Ligand code: GLC
């Protein structure tokens with residue numbers, strides 16, 4: 001069958017809806033991508049038929065309330081993810097509120113903070129014991145019993161939607177647990193299920209692959225392959241030995257995951273976090289990250305999900321170098337037609353690097369090197385998340401701003417509190433793999449120096465730490481895209497030094513996965529000057545200021561202004577007289593920033609800081625910033 005015939009066949013399956021241009025476009029996208037992935041198989045046409053069935057069934061089963069959302073987002077609300085009021089919050093269900101019902105009870109807290117997007121870390125049924133925090137799924141159709149069930153999930157999604165909050169679910173696309181039924185059948189000898197994974201009879205191919213692969217957990221899970229004694233074979237395991245990478249060269253894997261995603265979409269999940277998106281396709285002689293076929297897979301998922309559940313979006317978690325991340329939002333003919341959102345991990349790691357080094361010129365150069373985002377897409381910006389701060393993304397030898405390994409090792413030491421000038425109380429992650437760097441663990445509060453300052457009872461150090469916390473948050477809240485707060489950071493939670501006693505395993509990332517402190521939240525209602533309350537008040541003021549700033553719409557341009565002062569990160573959002581100028585001083589002393597070019601067509605005599613409130617004179621071609629001060633400037637006259 002030719003592609004045109006395939007398209008007709010697909011459209012015939014879909015029936016009445018097929019007359020829309022939107023539907024035609026999606027069918028075409030899906031078939032182009034699928035053809036590149038599976039087109040040379042003799043049974044390709046059959047697979048297209050099966051996928052059309054899955055899509056049609058899911059579309060027909062979609063509840064009316066969600067179809068209304070589909071209609072809105074296919075029309076007037078197409079830019080919903082880009083809007084300036086979007087604010088995310090990310091949490092583990094159990095650490096935040098015990099279980100899914102508990103999360104439902106916390107909706108008022110989220111709403112009050114201005115949250116419009118809730119990312120819950122994996123909550124589907126996970127293997128017993130150590131499950132990498134739920135990232136080792138045994139059943140994509142069931143909720144982890146200790147957290148609730150599918151009814152609870154539907155109720156939560158509905159409750160959130162009614163409060164104007166979209167539910168984002170972590171979807172572990174890249175691998176299943178060894179205990180998943182598919183893996184168990186493979187172990188039992190079922191050839192069909194063995195084809196769901198990458199098995200090797202000996203070390204010949206694994207060794208060849210290894211020459212080009214990175215290691216995610218070089219200390220605790222070295223290598224990318226695990227021996228399976230029952231089969232006397234090796235299986236591909238990028239992460240922990242119990243996380244078996246799925247083989248997407250097999251269309252059956254694609255079909256099963258599509259089916260699972262669409263069922264959850266019909267429960268009311270609005271965004272899927274595509275976990276470990278970069279790793280989904282393997283190719284000998286490459287680092288197997290972000291291969292062209294990985295992008296085709298995501299494009300095919302996007303198009304097919306769009307046919308059944310148009311309101312639903314995909315968010316790429318691809319922890320790669322700055323120049324590679326934006327590709328997950330689609331490039332070339334597929335620009336804007338892959339994931340809708342992507343984590344800006346380079347911004348995150350770069351902000352922490354700048355803070356330690358007291359200079360932001362190289363961060364600016366790195367950000368300036370990233371091309372404008374495709375139409376309709378947006379970054380997810382963040383200060384901290386449940387993972388370590390990965391330093392590897394800053395090691396980009398092909399770029400002038402790329403950090404050296406020695407420099408990254410220094411950063412690692414700095415954040416582990418191991419250098420003289422360090423204010424941080426973090427811990428190094430997986431540094432045993434050589435090179436002296438990999439990642440850093442610790443909560444935001446611990447890493448900006450709040451923990452240390454409190455221990456020392458040093459008021460000036462405390463002020464500086466709060467200023468650092470506000471600087472980083474001002475940058476991610478002012479960058480454009482969806483800023484996602486990491487649970488507990490809003491009340492400056494400290495490291496969980498007792499994580500080893502909690503039965504979650506020994507993974508060092510548990511250091512920054514504390515339980516929510518609802519007593520602290522309650523204490524926010526009383527006036528007080530506790531450091532967490534001072535930070536919280538300033539954070540909330542920034543969130544409030546954000547809502548009225550149209551220049552924070554993700555579709556606005558974002559231009560890095562280089563050359564004003566090396567300590568200062570400067571970017572201009574949007575052009576014209578309404579442009580919003582972000583300035584952030586990463587140094588521990590005052591710095592005079594001189595504009596390298598006029599930010600606004602008619603230079604004002606004074607400017608207003610939308611987060612500091614004050615009006616200031618434009619002084620000697622620029623403005624003076626206090627240590628760690630951040631500003632969102634607009635002309636005052
Ligand atoms: C993602 C998650 C991380 C997890 C890994 C393997 O990177 O963010 O927490 O360990 O995938 O699933």
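Residue 234 - would you say it is over 19 Å from residue 48 (Cβ atoms) and without any contact (Cβ under 8 Å) to a residue 40 or more places away in the chain? For residue 234, the condition - over 19 Å from residue 48 (Cβ atoms) and without any contact (Cβ under 8 Å) to a residue 40 or more places away in the chain - is met.
So, of the residues in segment 169-183 that are over 30 Å from residue 393 (Cβ atoms) and touching a helix residue (DSSP H, G or I) at 6+ places or on another chain (Cβ under 8 Å), which turns out to be farthest from the ligand (Cβ to nearest atom)? Restricting to residues being over 30 Å from residue 393 (Cβ atoms) and touching a helix residue (DSSP H, G or I) at 6+ places or on another chain (Cβ under 8 Å), the top hit is 182.
Counting just the residues of segment 592-617 that are more than 23 Å from residue 539 (Cα to Cα) and not in a loop (DSSP other than H, G, I, E, B), which one comes out modelled with the lowest pLDDT?
Just the residues of segment 592-617 that are more than 23 Å from residue 539 (Cα to Cα), to begin with: 592-606, 617.
With not in a loop (DSSP other than H, G, I, E, B) added as a condition, the list becomes 592-594, 606, 617.
On the way: 592: 97, 593: 97, 594: 97, 606: 94, 617: 91.
Looking at residues that are more than 23 Å from residue 539 (Cα to Cα) and not in a loop (DSSP other than H, G, I, E, B), I get 617.
Kindly indicate whether any position in segment 354-373 is in a loop (DSSP other than H, G, I, E, B), under 18 Å from the mean Cα position of the chain (by Cα) and either more than 16 Å from the ligand (Cβ to nearest atom) or modelled with pLDDT of 95 or more (or both). Checked against the condition, which is being in a loop (DSSP other than H, G, I, E, B), under 18 Å from the mean Cα position of the chain (by Cα) and either more than 16 Å from the ligand (Cβ to nearest atom) or modelled with pLDDT of 95 or more (or both), segment 354-373 yields at least one hit.
Close contacts from segment 164-188, counting a first residue that is under 19 Å from residue 254 (Cβ atoms) and at pLDDT 95 or above and a second that is within 13 Å of the ligand (Cβ to nearest atom) and in a helix (DSSP H, G or I), with Cβ to Cβ under 6 Å and a gap of 6+ residues or different chains, come to 174/279. One residue stands out in segment 317-330 among those that are more than 10 Å from residue 377 (Cβ to Cβ) and modelled with pLDDT of 95 or more: the one that is nearest to the ligand (Cβ to nearest atom), namely 317. When residue 300 is tested against (1) surrounded by 24 or more Cβ atoms within 10 Å (Cβ to Cβ); (2) touching a residue at least 60 places away in the same chain (Cβ under 8 Å); (3) assigned to a loop (DSSP other than H, G, I, E, B), just one condition goes unmet, and that condition is (3).
Within segment 122-148, the set of residues being within 16 Å of the ligand (Cβ to nearest atom), in contact with a helix residue (DSSP H, G or I) (Cβ under 7 Å, 6 or more places away or on another chain) and closer than 22 Å to residue 385 by Cβ comprises just one member, 123. Might you let me know whether segment 432-441 holds any residue that is over 14 Å from residue 216 (Cα atoms), touching a residue at least 60 places away in the same chain (Cβ under 8 Å) and within 16 Å of the ligand (Cβ to nearest atom)? Yes, segment 432-441 contains at least one residue that is over 14 Å from residue 216 (Cα atoms), touching a residue at least 60 places away in the same chain (Cβ under 8 Å) and within 16 Å of the ligand (Cβ to nearest atom).
Reported count of residues in segment 112-130, each being under 19 Å from the mean Cα position of the chain (by Cα), part of a loop (DSSP other than H, G, I, E, B) and within 24 Å of residue 257 (Cβ to Cβ), is 3.
Looking only at residues of segment 88-103 that are outside any helix (DSSP H, G or I) and touching a helix residue (DSSP H, G or I) at 6+ places or on another chain (Cβ under 7 Å), we find that the one that is farthest from residue 20 (Cα to Cα) is 99. With the condition kept exactly as written, say whether any residue in segment 76-87 is surrounded by 22 or more Cβ atoms within 10 Å (Cβ to Cβ) and either assigned to a loop (DSSP other than H, G, I, E, B) or at positive phi (or both). Yes, segment 76-87 contains at least one residue that is surrounded by 22 or more Cβ atoms within 10 Å (Cβ to Cβ) and either assigned to a loop (DSSP other than H, G, I, E, B) or at positive phi (or both). Taken together, 55, 4, 23 contain a single residue that is out of contact with any strand residue (DSSP E or B) (no Cβ under 8 Å at 6 or more places or on another chain) and either modelled with pLDDT of 95 or more or not in a helix (DSSP H, G or I) (or both), which is 55.
The combined condition, being closer than 22 Å to residue 107 by Cβ, buried (at least 21 other Cβ atoms within 10 Å of the Cβ) and in contact (Cβ under 8 Å) with a residue 12 or more places away in the chain, is not fulfilled by residue 517. From the list 242, 279, the lone residue that is within 14 Å of the ligand (Cβ to nearest atom), surrounded by fewer than 24 Cβ atoms within 10 Å (Cβ to Cβ) and in contact (Cβ under 8 Å) with a residue 24 or more places away in the chain is 242. When we screen 235, 271 for residues that are closer than 30 Å to residue 159 by Cα and surrounded by 20 or more Cβ atoms within 10 Å (Cβ to Cβ), the only hit is 271. From the list 486, 499, the lone residue that is surrounded by fewer than 24 Cβ atoms within 10 Å (Cβ to Cβ), over 17 Å from the mean Cα position of the chain (by Cα) and within 16 Å of the ligand (Cβ to nearest atom) is 499. Where strands (runs of 3 or more DSSP E) sit wholly within segment 155-257, those with at least 2 residues that are farther than 26 Å from residue 385 by Cα occupy 225-228, 233-236.
Among the residues of segment 336-352, is any in a loop (DSSP other than H, G, I, E, B), away from the ligand (no atom under 16 Å from the Cβ), touching a helix residue (DSSP H, G or I) at 6+ places or on another chain (Cβ under 9 Å) and farther than 28 Å from residue 301 by Cα?
no
Residue 162 satisfies every condition listed in (1) out of contact with any strand residue (DSSP E or B) (no Cβ under 9 Å at 6 or more places or on another chain); (2) under 23 Å from residue 224 (Cα atoms) except (2). Would segment 149-168 turn up any residue that is within 16 Å of the ligand (Cβ to nearest atom), crowded, with 18+ Cβ neighbours inside 10 Å and within 21 Å of the chain's Cα centre (by Cα)? Yes, segment 149-168 contains a residue that is within 16 Å of the ligand (Cβ to nearest atom), crowded, with 18+ Cβ neighbours inside 10 Å and within 21 Å of the chain's Cα centre (by Cα).
Would segment 204-221 turn up any residue that is under 25 Å from residue 140 (Cβ atoms), more than 16 Å from the ligand (Cβ to nearest atom) and more than 28 Å from the chain's Cα centre (by Cα)? No.
When every residue of segment 378-394 is checked against the conditions, none turns out to be closer than 17 Å to residue 357 by Cβ, at pLDDT 95 or above, away from the ligand (no atom under 16 Å from the Cβ) and touching a strand residue (DSSP E or B) at 6+ places or on another chain (Cβ under 7 Å).
The values are calculated or read from the model by the stated rules, or taken from the named source; none is laboratory data. Because the structure is predicted, anything quoted here is derived from the model rather than measured. Positions of Cβ are generated from backbone atoms using ideal geometry, with glycine treated the same way; all protein chains shown enter the neighbour counts.
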